[in-house]
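S.K.: So that we are looking at the same thing, I have put the structure below in structure tokens.
The values are calculated or read from the model by the stated rules, or taken from the named source; none is laboratory data. Since we're looking at a predicted model, the values are computed, not measured. Quick reminder, even Gly has a Cβ in these numbers, built from the backbone with ideal geometry, and neighbours come from all protein chains shown. Surface accessibility is based on the protein's heavy atoms, side chains included, excluding ligands, DNA and RNA. Shrake-Rupley method; radii C 1.70, N 1.55, O 1.52, S 1.80 Å.
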Amino acid sequence: MKLESAQGDLPAAQGSDDSFLRGVKDCLPTLLGYLSIGFAAGVVEKTAGLSIAEIALLSIILYAGSAQFIAAGMIAAGSTISGIIITILFVNLRHLLLSAALSPYFRHLTPFRNLLIGALLTDETFGVAIQASARKKNISEKWMHGLNITAYLNWIAANLAGAYLGQWITNPEQWGLDFALPAMFIGLLVLTVMSRSKYILDITVGGISILIAVGISILWSPSMGVIAATVIASTIGMVMEKWK
Amino acid sequence: MEVRPDIFLIIVGAALVTFIPRVVPLMLLSRITIPEWGMRWLNYVPVAVMSALIAQELFIEDGRFQTLSANVELIAAVPTFWIAVKTRSLLGTVITGILSLMLLRLLF
């Protein structure tokens with residue numbers, strides 16, 4: 001326990017750095033990002049011809065921005081059911097890596113409790129969690145649920161708002177809404193790199209990852225691009241750190 | 001307010017292939033001790049994944065390389081990065097990104 005200065009005038013807040021409520025609070029800075037991406041997803045899904053009920057189901061049981069954008073685009077393009085599902089499988093294989101990276105922090109929990117944490121894991125909540133772990137060296141289960149559930153509810157609300165308003169917004173790109181997703185990734189990357197001060201190694205790994213992602217995406221497929229870039233660039237980072 | 005059967009199948013199938021990669025490593029890897037080199041490897045995964053996703057958003061369009069001269073997304077990424085480094089605010093970064101691209105599309 002760290003010695004705190006005498007500011008604890010709120011007894012409930014004392015020693016609650018790892019509480020559910022703290023997780024909710026730590027999610028707040030990402031909410032507008034979620035809102036704009038979720039709103040954009042809702043608009044795109046609506047313009048792809050999906051009903052409000054279908055959009056609600058998408059956000060509730062799929063709950064993955066990139067997968068929802070892909071599903072909407074491929075449904076509008078008349079792709080087959082299996083084609084859509086296989087594409088989404090490849091895109092979401094990256095979650096294997098995120099889930100694996102978080103696993104050391106939750107190894108004391110039962111598999112079922114790990115399942116509950118993993119079920120709502122996203123790029124964004126992962127980014128917030130890994131950044132927090134760099135700061136305090138551990139991640140509490142309650143804090144993680146606070147973070148995950150806040151993000152989840154906000155996402156569903158944003159999707160539905162986008163779906164309703166999507167009836168009037170015919171051109172989401174005109175408003176720059178399609179840049180919400182990359183801007184969020186940029187923010188998460190910068191925050192991650194700045195929080196751990198391994199600048200040279202991190203920038204080298206990031207640069208290699210960019211080159212491989214672009215190369216493989218052009219030569220093979222964009223989903224393989226992300227997977228190959230992640231595996232190769234992380235391995236190079238690991239080896240380089242050993243040399244130092 | 002209806003859910004078509006084929007759309008329902010797509011949603012359930014997509015949800016399943018999204019759910020499994022999310023939960024399996026957390027459920028299994030917590031049973032096994034990860035060696036030191038494995039932890040070091042996992043340390044670089046976030047930076048590598050996010051860099052790859054950003055690269056795809058900025059440079060790839062329909063599986064092809066986007067020409068640099070006509071790439072407004074790439075230009076919009078410059079102020080977005082700058083604000084991220086200066087403010088360390090996710091919210092400010094997202095707003096800057098959206099506004100930058102909106103303005104660039106108005107201008108060009």
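S.K.: Net charge around B:Arg22, counting only other residues with Cβ within less than 12 Å of its Cβ (Lys, Arg = +1; Asp, Glu = -1)?
M.R.: On the way: positive: A:Arg94; negative: A:Asp123.
Taking every Cβ under 12 Å from that of B:Arg22, the sum is 0.
S.K.: Still on this structure, please answer the following. Probe of 1.4 angstrom, ligands and nucleic acids ignored: what's the accessible area per residue over the protein assembly as shown, in square angstrom? Mind showing how you got there, number by number?
M.R.: Working: 16380 Å² over 352 residues.
Value for the protein assembly as shown: 47 Å² per residue.
S.K.: Using θ = phi - 60° and the Karplus form 6.51 cos²θ - 1.76 cosθ + 1.60, what ³J(HN,Hα) does each residue of segment B:13-21 get, whole Hz, x for Gly and Pro?
M.R.: Each residue of segment B:13-21 in turn: x, 5, 5, 5, 6, 8, 5, 4, x Hz.
S.K.: Given Cα positions, please report Rg to Rh for segment A:131-244, the hydrodynamic radius being the Kirkwood one. It would help to have the intermediate numbers written out before the result.
M.R.: Details: Rg = 18.4 Å, Rh = 17.3 Å.
Using Cα coordinates only, the ratio equals 1.06.
S.K.: Quick one: what does P(r) look like for segment A:38-194 with 10 Å bins over all Cα pairs, in whole %?
M.R.: P(r) over segment A:38-194, rounded to whole percents: 10, 36, 35, 16, 3.
S.K.: Okay, next question. Charges on Cβ only, +1 for Lys and Arg, -1 for Asp and Glu, centred on the Cα centroid of chain B; of B:Pro21, B:Thr67, B:Ile34, which one is farthest towards the dipole's positive end?
M.R.: Going by the Cα projections, it comes out as B:Ile34.
S.K.: Across peptide A:86-98, how many C-beta atoms of other chains are within 10 Å of each residue C-beta, on average?
M.R.: 6
S.K.: Amide H neighbours of B:Glu61 under 5 Å, at least 5 residues apart or on other chains, H built in the peptide plane: list them.
M.R.: B:Gln66
S.K.: Please work out, to two decimal places, the log10 of the ratio I(q)/I(0) at q = 0.16, 0.20 Å⁻¹ from a Debye calculation in which every Cα of segment A:75-131 carries one identical scatterer.
M.R.: With one equal scatterer per Cα and no solvent, log10 I(q)/I(0) is -0.60, -0.78.
S.K.: When chain B is modelled as a GNM with alpha-carbon springs shorter than 10 Å, which of B:Met39, B:Met50, B:Met27 fluctuates the most?
M.R.: With Cα springs under 10 Å in chain B, the top fluctuation among B:Met39, B:Met50, B:Met27 is at B:Met27.
S.K.: Classify segment B:50-108 from the C-alpha gyration tensor, please: rounded if a/c falls under 1.5, else prolate or oblate depending on whether a/b exceeds b/c.
M.R.: Working: a/c = 2.49, a/b = 1.35, b/c = 1.85.
Taking the square roots of the gyration eigenvalues as a ≥ b ≥ c, segment B:50-108 is oblate.
S.K.: Related question: Considering every residue in A:193-200, what mean count of other chain Cβ atoms within 10 Å of its Cβ is obtained?
M.R.: Details: counts 6, 3, 1, 3, 0, 3, 0, 0.
The shielding value for this peptide is 2.
S.K.: Got the relative contact order for chain B handy, in percent, Cα pairs under 8 Å and 6 or more residues apart? Walk me through the numbers before you get to the answer.
M.R.: Values: 35 pairs, mean separation 15.7, N = 108.
Dividing the mean separation by the residue count of chain B yields 15 percent.
S.K.: Next question. Any idea what the relative contact order of chain A is, in percent, if you count C-alpha pairs under 8 Å spaced at least 6 apart? Show your work: numbers first, answer last.
M.R.: Values: 251 pairs, mean separation 74.8, N = 244.
Reported relative contact order: 31 percent.
S.K.: With a/c under 1.5 counting as rounded, go ahead and sort segment B:1-88 into rounded, prolate or oblate using the C-alpha gyration tensor (a ≥ b ≥ c being the square roots of the eigenvalues; past the cut-off, prolate if a/b is larger than b/c, else oblate). Display every interim value, and only then the final one.
M.R.: Numbers: a/c = 2.40, a/b = 1.13, b/c = 2.12.
Cα axes put segment B:1-88 in the oblate bin.
S.K.: Additional query: Under DSSP H, which helices of chain A have Cα atoms covering 18 Å or more of the helix axis and a Kyte-Doolittle average no less than -0.5?
M.R.: Details: long enough: A:20-47 (37 Å, 0.78); A:123-136 (20 Å, -0.28); A:141-165 (36 Å, 0.32); A:180-196 (25 Å, 1.78); A:199-219 (30 Å, 2.13); A:222-243 (32 Å, 1.07).
What comes out of the filter, once short or polar helices are dropped, is A:20-47, A:123-136, A:141-165, A:180-196, A:199-219, A:222-243.
S.K.: Along the positive direction of the dipole of the protein assembly as shown (beta-carbon charges: Lys, Arg +1; Asp, Glu -1; about the Cα centre), which of A:Trp220, A:Ile236, B:Ile11 reaches farthest?
M.R.: The one lying farthest along the dipole's positive direction is A:Ile236.
S.K.: Using only DSSP helix segments of four residues or longer, with each worth -39500 (n - 2.57), what per-residue ellipticity at 222 nm results for chain B after dividing by its residue count and rounding to 500? Present the calculation step by step, with values, prior to reporting the outcome.
M.R.: Details: 4 runs with 83 residues, N = 108.
Calculated from helices alone, the mean residue ellipticity at 222 nm is -26500 deg cm²/dmol.
S.K.: Shielding of A:152-159 by partners, i.e. mean partner chain Cβ atoms within 10 Å per residue?
M.R.: Counting Cβ atoms of other protein chains within 10 Å of each residue's Cβ and averaging gives 0.
S.K.: What is the distance in Å between the Cα centroid of segment A:25-69 and that of segment B:33-101?
M.R.: 20 Å
S.K.: A further question on this structure: Which links in A:Lys25/B:Lys86; A:Lys137/A:Lys198; A:Lys25/A:Lys136 stretch past 20 Å when you go from one Cα to the other?
M.R.: Numbers: A:Lys25/B:Lys86 22 Å; A:Lys137/A:Lys198 16 Å; A:Lys25/A:Lys136 16 Å.
Check vs 20 Å cut-off fails for A:Lys25/B:Lys86.
S.K.: With a ≥ b ≥ c the root eigenvalues of the C-alpha gyration tensor of the protein assembly as shown, is it rounded (a/c under 1.5), prolate (a/b larger than b/c) or oblate? Show your work: numbers first, answer last.
M.R.: On the way: a/c = 1.35, a/b = 1.23, b/c = 1.10.
Verdict is rounded for the protein assembly as shown.
S.K.: Just to check I understand the Karplus step: with θ = phi - 60° and J = 6.51 cos²θ - 1.76 cosθ + 1.60, what whole-Hz values come out for segment B:46-61, glycine and proline as x?
M.R.: So the J values, rounded to whole Hz, are x, 4, 5, 4, 5, 4, 5, 5, 5, 4, 5, 5, 8, 10, 10, 9.
S.K.: Looking at chain B as a GNM with Cα springs under 10 Å, which of B:Val94, B:Val45, B:Val23 has the largest mean-square fluctuation?
M.R.: The residue that fluctuates most here is B:Val23.
S.K.: Carbon and sulfur together cover what percent of the accessible area of segment A:45-120 at a 1.4 Å probe radius? Before the final figure, lay out each step's value.
M.R.: Numbers: 1940 of 2640 Å².
Accessible surface attributable to carbon and sulfur in segment A:45-120 totals 74 percent.
S.K.: Using a probe radius of 1.4 Å on protein heavy atoms only, what is the accessible area buried between chains A and B, both sides summed, to the nearest 100 Å²?
M.R.: Interface between A and B: roughly 7700 Å².
S.K.: Where the centroid of each part is defined by its Cα atoms, how far is segment A:205-244 from segment A:144-188 in Å?
M.R.: One Cα centre to the other: 28 Å.
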